[in-house]
Amino acid sequence: MRRGPSDRALANLDLNLLVTLDAVVHHQSVTRAAEHLGVTQPAVSAALARLRRHFDDEILHRVGNRYQLTPFGVDLRQRARIALTGVERVFAARGTFEATDTAREYSIVTSDYTTALLGRPLTELLGIRAPHARLRWLPSIPDLVARAEHTLTAHDVLLVPHGFVTDLPNETIFHDDWVVVTDREHAPHELTIDDLRDRPWVLVYHSQTASTPAARRLRMLGIEPHGQVITESFLTVPSLVTGSSRIALIPRRMLDIPGMHEGLHAYPCPVDLGQLTQAMWWHPLFTDEPEHRFLRTLIRHVARQLPAPHG
C-alpha cells in the first residue's frame, strides 16, 4: 500500500509529543506538566522546544510573573485533548469483546429531550448486558454539533436529528412530529399562520449558525419567528411558555414525559414542517470496533421499543 504525504509526515513525528503537548496546554506550566506525567522538568522543556519548532509558535509564554498560552496554544488545547483521546481509544480497542467483562465508559452527546426518552431504558439495558460499564450523557451544545467529526473522536455517539450533521456514518433511530405549544390560558381556539408570525417565541438551539430543522423550515416558508427567549434545553420550554403569550415548537413525544404537558396546550403546526428524524452518528474510525457496535445495537434496540407518541 502506498503511503500518502500525511502518513510520511506522521512517521517523522514522535507521537509521545502529543502526550506532552496535552499536559502542557492543560496545566499551562512545564513544572506541573512534568509532575502530571511523572517525568523530569528538563524532559518536558526539551519536548516543548521540539513542539515550538514544529508549530513555529511559542505555545506557552511568560506574561509578567506567570505563563499563559498563546492564541495558537489555546486552539491546540482542545485539538490535543480530542486527538489524544482518539489515540487512546484506538489502542484500547480489542479484536474480541465480551460485554459482561467490559468496564468501558460510553459517552453520548444529545439533547435533554432524547436523554429523557432513551436514558432510563438504555441505562437499564446496559446494566443487564454489561454490568461493569457505564454511560455518560453530555448536552449537545451547538459547538459540539458544529464540530461533529472532532467531537466523535472523543465521544462515542452523537444523537441529533438529520439536518445538523453531514458526511459521517449514521443511522435513523426514531421519528417524531413537531407540535406548537402555548400556555393553556392563552390558547386560541385555532392556531393560525398569523399566530406564528405575530406571537413571541421560545426558540430552542437557535443561533446565527444553528437552529432546529423545524425553525429552518419556517424561515424557508417566509415565517421568521420572533424570538423573545432562546434556550438550549427542550425541558425548559414549558416553564418559559406557561403564564405568557409565547409559543414554541417541541417534539410531540416530549408531551409524554411526566409533567411536561402541564399548563400547556398543543396544536398541530398550521404549516407542514415534516418529521423530526432522530439519528445516531459516529466516527468512521469506530464503525467496526466491537465495543462500539455493541453500544449502537443497544441504542437501536431501545429506540425501537419507544411507544408511539400520544395524540
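The values are calculated or read from the model by the stated rules, or taken from the named source; none is laboratory data. Fair warning: this is a prediction, and the values are worked out from it, not measured in the lab. Cβ: placed from backbone, ideal geometry, glycine included. Neighbour counts: every protein chain shown.
Here A214 meets each of (1) in a loop (DSSP other than H, G, I, E, B); (2) under 25 Å from the mean Cα position of the chain (by Cα); (3) not assigned by TED's automatic domain parsing to the domain that holds Y113 with one exception, condition (1).
Can you confirm whether P268 is surrounded by 15 or more Cβ atoms within 10 Å (Cβ to Cβ) and in the same structural domain as D198 (by TED's automatic domain parsing)? It is false that P268 is surrounded by 15 or more Cβ atoms within 10 Å (Cβ to Cβ) and in the same structural domain as D198 (by TED's automatic domain parsing).
Within the range 229-242, does at least one residue satisfy the condition of being within 19 Å of T277 (Cβ to Cβ) and not in a helix (DSSP H, G or I)? Scanning the range 229-242 turns up no residue that is within 19 Å of T277 (Cβ to Cβ) and not in a helix (DSSP H, G or I).
Is the range 96-115 home to any residue that is charged (D, E, K, R) and outside any loop (DSSP other than H, G, I, E, B)? Yes - at least one qualifying residue is present in the range 96-115.
The residue that is modelled with the highest pLDDT, among those in the range 76-99 that are surrounded by 13 or more Cβ atoms within 10 Å (Cβ to Cβ) and farther than 21 Å from D143 by Cα, is A99. Would you confirm, using the coordinates I've provided, whether F294 is at pLDDT below 90 and aromatic (F, W, Y)? No: the conditions fail for F294. Among the candidates G73, G119, the residue that is small (G, A, S), modelled with pLDDT of 85 or more, under 24 Å from N16 (Cα atoms) and in contact with a strand residue (DSSP E or B) (Cβ under 7 Å, 6 or more places away or on another chain) is uniquely G73. Being surrounded by fewer than 17 Cβ atoms within 10 Å (Cβ to Cβ) and part of a loop (DSSP other than H, G, I, E, B) is the filter here, so list the residues in the range 164-192 that pass it. Correct list: T166, D167, L168, P169, D177, A187, P188, H189, E190, T192. Taken as a whole, the condition of being assigned to a helix (DSSP H, G or I) and surrounded by fewer than 19 Cβ atoms within 10 Å (Cβ to Cβ) applies to D195.
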